[in-house]
Amino acid sequence: MNIASDRPSALAGIIGNCPAMQEVYRTTERVARSSATVLLLGETGTGKELIARAIHELSPRRSGPYIRVNCGALSESLLESELFGHVKGAFTSAFENRTGRFEAAHGGTLFLDEINSMGFPLQVKLLRVLQEHEFERVGDTKTITVDTRIVAATNRELLEEVEEERFREDLYYRLNVLPIFLPPLRDRTEDLPELIEYFIDKYAAENDCAPLKLTKDALEVMTTYTWPGNVRELENYVERAVVMADGPDFSVDLLPPHVRGLSPIRLGISKSRNVETICEELINFGMAEQSGDETDLYQQIVSMVEKQLISQTLKVCHGVQTKTATRLGINRNTLHKKIEEYGLADDAT
Ligand SMILES: Nc1ncnc2c1ncn2[C@@H]1O[C@H](COP(=O)(O)OP(=O)(O)OP(=O)(O)O)[C@@H](O)[C@H]1O
Ligand SMILES: [Mg+2]
């Protein structure tokens with residue numbers, strides 16, 4: 001069954017048919033017809049870039065240029081001249097006139113990736129282009145008018161950035177006219193089999209080998225895992241499995257230990273991964289580890305966190321127990337007992 005074949009070809013390489021993704025496809029097709037600004041929201045690796053390109057391909061501008069600028073990859077002044085261009089002598093290294101990306105994308109689409117990284121002064125200039133379609137090159141007074149469609153993307157909560165006064169509220173509302181939310185992979189596990197097969201086929205073809213057969217156990221493990229890197233992370237593990245496999249099966253042991261729950265899950269606290277999200281992951285992880293009749297979820301999670309807390313603080317303190325105890329603010333004897341209990345003696349001196 002290939003439901004994807006019902007979709008326009010610009011969307012055919014985007015895998016997943018869960019209701020949230022179907023909504024993404026519907027909105028993508030609808031917004032593509034207009035020239036309005038689109039804001040793509042979603043965690044890293046959820047497919048924002050694929051959708052940005054699809055919007056262009058499905059739009060009346062498809063024969064025009066499609067240009068991507070990663071706002072997070074350039075310093076503020078470089079980004080300004082990259083986007084708007086500059087005239088000779090505008091700054092020390094401006095040896096000649098340069099056309100910016102807004103002009104280069106005239107008649108087409110400009111994809112502004114990681115828009116949340118843009119600083120305040122540039123946000124003002126961007127707001128003006130969005131509203132008036134005009135700007136000046138750096139160092140110039142001549143106003144340039146462009147017909148460029150903007151698709152922007154962020155993997156941060158933009159509203160949080162607004163609250164913390166890093167992102168202009170007026171720009172946020174101007175960008176957020178047509179938002180498209182890409183769901184995280186952990187919320188659409190029903191799409192996993194199709195995605196996995198898609199990547200198995202892709203990498204089998206690339207490596208000139210027979211496609212692996214996905215085992216029930218491996219699928220189950222992948223369904224429980226929380227996928228902080230979303231589809232990008234899944235794609236990497238499938239590629240790794242295809243390359244490493246000895247036999248015909250995609251078995252559990254081809255997955256990295258942290259996916260199988262054998263090494264600590266990676267916890268990264270950031271704006272988009274707050275303590276609630278991490279606790280939710282710990283609870284899901286704890287529940288998946290339990291057999292049906294166990295009821296010690298509380299103790300299990302507390303122990304899991306406690307072990308990591310001690311192990312990682314020991315590392316920071318180069319294994320010195322007195323230092324570790326002081327750092328953690330716990331009694332040295334208590335620390336010693338915990339080290340024994342969790343089998344961390346090798347990390348301690
Ligand atoms: N639904 C999907 N179907 C097939 N491949 C996908 C899908 N979503 C993402 N991918 C693949 O995963 C990788 C990451 O996707 P993409 O670059 O679009 O993510 P992103 O949302 O832009 O992430 P970031 O915020 O890190 O830039 C790409 O190789 C892309 O082809
Ligand atoms: Mg991207």
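A short reminder: the numbers here are calculations on the coordinates, not readings from a lab. Keep in mind the model is a prediction, meaning the values are calculated, not measured. All Cβ positions, even for glycine, are placed from backbone atoms using ideal geometry, and neighbour counts span all protein chains on display.
Could you give the distance between the Cα centres of the stretch 5-44 and the stretch 126-194, to the whole Å?
17 Å
Of the DSSP beta bridges with both residues in the chain, give the percent that are antiparallel, rounding to the nearest 5.
Once the DSSP bridges in the chain are tallied, antiparallel ones form about 20 percent.
If a/c stays under 1.5 just call it rounded; otherwise compare a/b with b/c (prolate if a/b is bigger, oblate if not). Do that for the stretch 41-129, with a ≥ b ≥ c from the square roots of the Cα gyration tensor eigenvalues.
oblate
About its Cα centre, what dipole magnitude does the chain give when the only charges are +1 on Lys and Arg Cβ and -1 on Asp and Glu Cβ, stated in debye to the nearest 20?
Roughly 1060 debye, rounded to the nearest 20.
Any idea what Rg and Dmax come out to for the stretch 3-181 if you just take the C-alpha atoms, in Å?
That works out to 16.7, 56 Å for Rg and Dmax.
Once R0 is set to 45 Å, what does the formula 1/(1 + (r/R0)^6) return for the Cβ-Cβ distance between ASN333 and THR143, expressed as a FRET efficiency to the nearest 0.05?
Result of the calculation: an efficiency of 0.05.
Multiplying the sequence separation of SER34 and GLU157 by 0.36 nm and subtracting their Cα-Cα distance, what value in nm do you get?
41.8 nm
How many nm separate the modelled label positions at LEU262 and THR349, each set 7 Å beyond the Cα in the direction of the Cβ?
In this crude spin-label approximation the distance works out to 3.1 nm.
Out of all Cα-Cα pairs in the chain, roughly what percent, to the nearest whole number, are more than 28 Å apart?
Counting pairs separated by more than 28 Å, the tail of P(r) holds 57 percent.
Longest segment of the chain with no chymotrypsin sites (Phe, Trp or Tyr not before Pro) in a DSSP loop having at most 13 other Cβ atoms within 10 Å?
So the longest stretch without any such site is 96-349.
Could you list VAL302, VAL146 so that the one with the fewest beta carbons within 10 Å of its beta carbon is first and the one with the most is last?
VAL302, VAL146
Looking at this model, which pairs from LYS48/LYS202; LYS48/LYS142; LYS315/LYS338; LYS48/LYS88 are more than 25 angstrom apart at the alpha-carbon?
From LYS48/LYS202; LYS48/LYS142; LYS315/LYS338; LYS48/LYS88, over 25 Å: LYS48/LYS142; LYS48/LYS88.
Could you calculate the contour length gain from ASP6 to LEU219, that is, 0.36 nm times the residue separation minus the distance between their Cα atoms, to one decimal place in nm?
Working it through step by step, the gained length comes to 74.1 nm.
By the gyration tensor of its Cα atoms, with a ≥ b ≥ c the square roots of the eigenvalues, what is the shape of the stretch 186-254: rounded for a/c under 1.5, prolate for a/b over b/c, or oblate?
Cα axes put the stretch 186-254 in the prolate bin.
By counting other Cβ atoms within 10 Å of each Cβ, how are ARG168, ARG33 ranked from fewest to most?
Final ranking by Cβ density, sparse to dense: ARG33, ARG168.
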